[in-house]
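Undergrad: Sending over a structure as structure tokens; questions will come in a sec.
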Amino acid sequence: MKALRWLLILLPLLLPEWALAEPAGLPVVTVQELANGGKGYSLTLQVLALMTVLTLLPSLLLMMTSFTRIIIVLAILRQAIGTAQTPSNQILLGLALFLTLFIMAPVFERSWTEGVAPYLNEQLEAKPAIEAAAKPLREFMLRQTREEDIALFGRIAGKDGFESPEQVPFTTLMAAFLTSELKTAFQIGFLIFIPFLIIDLVVASTLMSMGMMMLSPMIVSLPFKLMLFVLVDGWALLMGTLAASFYT
């Protein structure tokens with residue numbers, strides 16, 4: 001509150017010409033009448049709304065896209081192989097981000113075509129444009145969300161049930177979607193972990209039977225796990241499986 005108060009005090013000092021030219025009101029909230037009878041907002045307000053959305057992009061990326069499932073599976077894969085910080089966190093994040101963009105490209109394209117572009121062309125007002133842009137993303141989230149998770153958060157919100165997917169509130173859908181993504185990511189991670197765990201068990205048993213107690217099994221098993229991952233073309237197999245899991 002103190003920062004906001006100081007900003008309001010210093011704003012006329014920083015912009016004296018603007019303060020003198022517009023003494024009666026704030027141009028940031030001016031409303032213009034469109035040719036089709038709707039209302040449009042000033043460019044300054046649109047930029048302000050855009051900057052607000054940009055601050056929420058990391059949260060939206062985690063809550064409403066395929067990013068969560070991908071990054072968790074990649075982290076579990078690195079842990080299963082036992083390569084510590086290889087690939088690094090930056091590489092895993094970049095890989096997860098670009099794979100997310102690949103998977104979400106059709107959804108984003110529909111959102112742009114059905115909602116954002118008509119609004120920029122003054123064919124839709126703000127509220128209908130937001131609803132049209134959110135519809136493809138909502139359909140994507142519904143396809144990946146388990147019914148029991150939607151029912152769970154519906155009960156928490158005090159609602160007995162939903163007769164159709166269109167009746168599910170967006171806040172309930174986001175919470176259920178994130179929960180389902182966590183479940184799916186850990187299921188995929190469990191299946192990835194099993195082959196590498198078997199290699200660790202075999203190497204540890206072999207070293208124990210040979211009496212090599214002081215030699216770490218991780219040092220011996222790492223080359224075998226890397227060889228297995230390379231022979232089965234693990235990266236292509238993993239990336240293809242992750243991408244296909246969102247369209248099955």
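Undergrad: Out of Thr100, Thr83, report the one residue that is among the polar types (S, T, N, Q) and surrounded by fewer than 17 Cβ atoms within 10 Å (Cβ to Cβ).
TA: From the options Thr100, Thr83, the qualifying one is Thr83.
Undergrad: Being surrounded by 15 or more Cβ atoms within 10 Å (Cβ to Cβ) and under 20 Å from the mean Cα position of the chain (by Cα) is the filter here, so list the residues in the stretch 103-114 that pass it.
TA: Once the filter is applied, which keeps residues that are surrounded by 15 or more Cβ atoms within 10 Å (Cβ to Cβ) and under 20 Å from the mean Cα position of the chain (by Cα), the stretch 103-114 yields Ile103, Met104, Val107, Phe108, Arg110, Ser111.
Undergrad: Would you confirm whether or not the stretch 127-136 contains a residue that is over 21 Å from Thr65 (Cα atoms) and of a type in the set (Gly, Ala, Ser)?
TA: Taking every residue of the stretch 127-136 in turn, none turns out to be over 21 Å from Thr65 (Cα atoms) and of a type in the set (Gly, Ala, Ser).
Undergrad: Here's another thing I want to ask about it. Give just the number: which of (1) small (Gly, Ala, Ser); (2) open to solvent by less than 20 Å² (accessible area, probe 1.4 Å); (3) closer than 21 Å to Val73 by Cα does Ala129 not satisfy?
TA: (3)
Undergrad: Moving to a separate point now. Tell me, please, whether a residue that is among the polar types (S, T, N, Q) and over 19 Å from Met64 (Cβ atoms) can be found in the stretch 230-246.
TA: Yes.
Undergrad: Return the total of residues in the stretch 76-119 being more than 30 Å from Phe196 (Cβ to Cβ) and of a type in the set (S, T, N, Q).
TA: Restricting attention to the stretch 76-119, the residues satisfying the condition of being more than 30 Å from Phe196 (Cβ to Cβ) are 105-119.
Filter once more, so that each one left must be of a type in the set (S, T, N, Q): 111, 113.
Going through the stretch 76-119 one residue at a time, the tally reaches 2.
Undergrad: Check Thr184, Thr172, Thr206 and return the single one that is free of Cβ contacts under 8 Å to residues at least 40 places away in the same chain, open to solvent by less than 50 Å² (accessible area, probe 1.4 Å) and part of a helix (DSSP H, G or I).
TA: Being free of Cβ contacts under 8 Å to residues at least 40 places away in the same chain, open to solvent by less than 50 Å² (accessible area, probe 1.4 Å) and part of a helix (DSSP H, G or I) holds for just one of Thr184, Thr172, Thr206, which is Thr172.
Undergrad: I'd like to verify a number: residues in the stretch 223-248 that are open to solvent by less than 30 Å² (accessible area, probe 1.4 Å) and either over 14 Å from Leu99 (Cα atoms) or free of Cβ contacts under 8 Å to residues at least 60 places away in the same chain (or both), how many?
TA: Number of matching residues: 3.
Undergrad: If only one of Ile91, Ile130, Ile70 is under 17 Å from Ser245 (Cα atoms) and assigned to a helix (DSSP H, G or I), which one is it? Quick ask: steps written out before the conclusion?
TA: Numbers: Ile91 fails: under 17 Å from Ser245 (Cα atoms); Ile130 fails: under 17 Å from Ser245 (Cα atoms).
Sole residue among the options that is under 17 Å from Ser245 (Cα atoms) and assigned to a helix (DSSP H, G or I): Ile70.
Undergrad: Quick one: which of Phe196, Phe162 is more than 25 Å from Phe102 (Cβ to Cβ) and assigned to a helix (DSSP H, G or I)?
TA: Phe196 is the lone residue from the list that is more than 25 Å from Phe102 (Cβ to Cβ) and assigned to a helix (DSSP H, G or I).
The values are calculated or read from the model by the stated rules, or taken from the named source; none is laboratory data. None of the values given here were measured: they were computed from a predicted structure. When we count neighbours, we look across all protein chains shown, and the Cβ atoms used for this are built from the backbone with ideal geometry, even at glycine. The area values use the complete protein model at the heavy-atom level, side chains included, leaving out ligands, DNA and RNA. Shrake-Rupley method; radii C 1.70, N 1.55, O 1.52, S 1.80 Å.
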